[in-house]
Amino acid sequence: MVWWQAMVLGIVQGLTEFLPVSSSGHLILVRELMGLNIGVNAQFNLMFDVTAHLGTLIAVVIVLYKPILELFKKPFKKLLLLVIATIPAVVVGFVFKDYIEQYFSTATYLCFFFLFTAIIMLVSEIVAKRNRKPKDLSYGGAIAMGVMQGIGVFPGVSRSGSTIFGGTLAGTDTKKVATFSFLMSIPVILGSLLLSVIDVAQAGTLAQIDWFSIFVGMASAFASGYIAVRVMLALVAKANFKWFSLYLLVISILTFAFYFIPSLA
C-alpha cells in the first residue's frame, strides 16, 4: 500500500464510520477495487483498519467531549447505560471474530449486508417520523442499541445505522439516539485497538509495518470523520435516512452483480 491509497482508505473509513453505510464493508470493497488483496498483508490491514478507527475515535471525542464528561457525573446512569449497551458487541466480537474473518472478509457477501442496512435505515426513518412522543434513553433502549451494535460487527452492516435502528424502535428521541450511538463507538474501538495490537505484536510483524501509511490513513480518517459526525448529528435529528437507504440499495445491487453472480457461475 502506498501513501495515497492509505489516504483514500482513511477518508472512506472516516466518512462511513458515522454515516449509516458500513465502514467495514466499504473498506473491504475499496481495498479490493484498488487491488489490495486482503489476504496478502493481513496484519498490516488489521493494524491499518484499527488505527483508522482510532482517527475517527479522536474526532468523535472532540465533537462530543461534553456528553463524554457527563458520563462521569453522579448518579452515573449514562455510564451504566453505555456499559450495558457495549456488552453485546463484546460478546459477539469474541465469539464470532474468527468466523467473521474467515467467511466475510471479502466482498462476496457484502450485497446482502448492504441490503440489510438499507432496509433498517428506511424503517428507522418511518418509525422515527411516526413517533409523536419520543422519550429519554432507557435501559431497554440501551439494550436494543447494544444488541444491534453486536449485529453491526458483520462487514456491510453499519454499526451506527444498526444502533440508530435499535434506539429508534425503542421510541427514543433521535437526537439522544445519535449522541449515544457515537458514544457507543468509543469502548468498541478502544477494545478492538487493544486486541489488534496484541495480535500484530504476537505475530512479530510490528517492525515490518509501513507506519507512514498507517499515520496518513489515521489522519485522513480523523479529518473526514470529524466532518461526518457533524453531518450525521444534524441528519439523525431530522430522521432523514432514506437517501442512505437508496445509496445502499444501489451499492447492494452493484456488489451482487460484480461479486456474487460470478461466484455462482
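Observations on the structure shown:
- Qualifying residue in the stretch 119-140 (condition: of a type in the set (V, I, T) and not in a helix (DSSP H, G or I)): no
- Residue list for the stretch 84-103, restricted to those being aliphatic (A, V, I, L, M) and either touching a residue at least 60 places away in the same chain (Cβ under 8 Å) or touching a Ser or Thr at 6+ places or on another chain (Cβ under 7 Å) (or both): I84, A85, A89, V90, V92
- Selection count, the stretch 220-265, where residues are of a type in the set (A, V, I, L, M), under 20 Å from T168 (Cβ atoms) and in a helix (DSSP H, G or I): 12
- P134 falls short on exactly one of the conditions (1) touching a helix residue (DSSP H, G or I) at 6+ places or on another chain (Cβ under 6 Å); (2) over 22 Å from S192 (Cβ atoms); (3) not charged (D, E, K, R), and that condition is (1).
- Some residue of the stretch 46-61 being surrounded by 20 or more Cβ atoms within 10 Å (Cβ to Cβ), in contact with an Asp or Glu (Cβ under 7 Å, 6 or more places away or on another chain) and β-branched (V, I, T): yes
- Checking F154, F165, F222, F212 one by one, the residue that is of a type in the set (F, W, Y), open to solvent by 10 Å² or more (accessible area, probe 1.4 Å) and under 20 Å from L235 (Cβ atoms) is F165 and no other.
- Some residue of the stretch 88-98 being open to solvent by less than 20 Å² (accessible area, probe 1.4 Å), of a type outside the set (D, E, K, R), closer than 16 Å to I189 by Cβ and assigned to a helix (DSSP H, G or I): yes
- Qualifying residue in the stretch 36-56 (condition: closer than 23 Å to V153 by Cβ, modelled with pLDDT under 90, in contact with a Gly (Cβ under 6 Å, 6 or more places away or on another chain) and of a type in the set (S, T, N, Q)): yes
- If you check V8, V83 for being open to solvent by 10 Å² or more (accessible area, probe 1.4 Å), at pLDDT 90 or above and under 22 Å from G156 (Cα atoms), only one passes: V8.
- Which numbered condition R130 fails, given (1) surrounded by fewer than 17 Cβ atoms within 10 Å (Cβ to Cβ); (2) modelled with pLDDT under 85: (2)
- Residue satisfying condition, being surrounded by 15 or more Cβ atoms within 10 Å (Cβ to Cβ), modelled with pLDDT of 80 or more and farther than 18 Å from F154 by Cβ, within set K73, K78: K78
- Output for the stretch 14-26, where each listed residue is at pLDDT 85 or above, part of a helix (DSSP H, G or I) and in contact with a Phe, Trp or Tyr (Cβ under 9 Å, 6 or more places away or on another chain): G14, G25
- Within the stretch 168-195, if we keep just the residues that are among the hydroxyl-bearing types (S, T, Y) and open to solvent by less than 10 Å² (accessible area, probe 1.4 Å), the residue that is nearest to the chain's Cα centre (by Cα) turns out to be S185.
The values are calculated or read from the model by the stated rules, or taken from the named source; none is laboratory data. Since this is a predicted model, take the numbers as computed values, not measurements. Cβ coordinates were reconstructed from backbone atoms using ideal geometry, including for glycine residues, and neighbour counts include every protein chain displayed. What goes into the accessible areas is simple: the full protein's heavy atoms, side chains included, and nothing from ligands, DNA or RNA. Shrake-Rupley method; radii C 1.70, N 1.55, O 1.52, S 1.80 Å.
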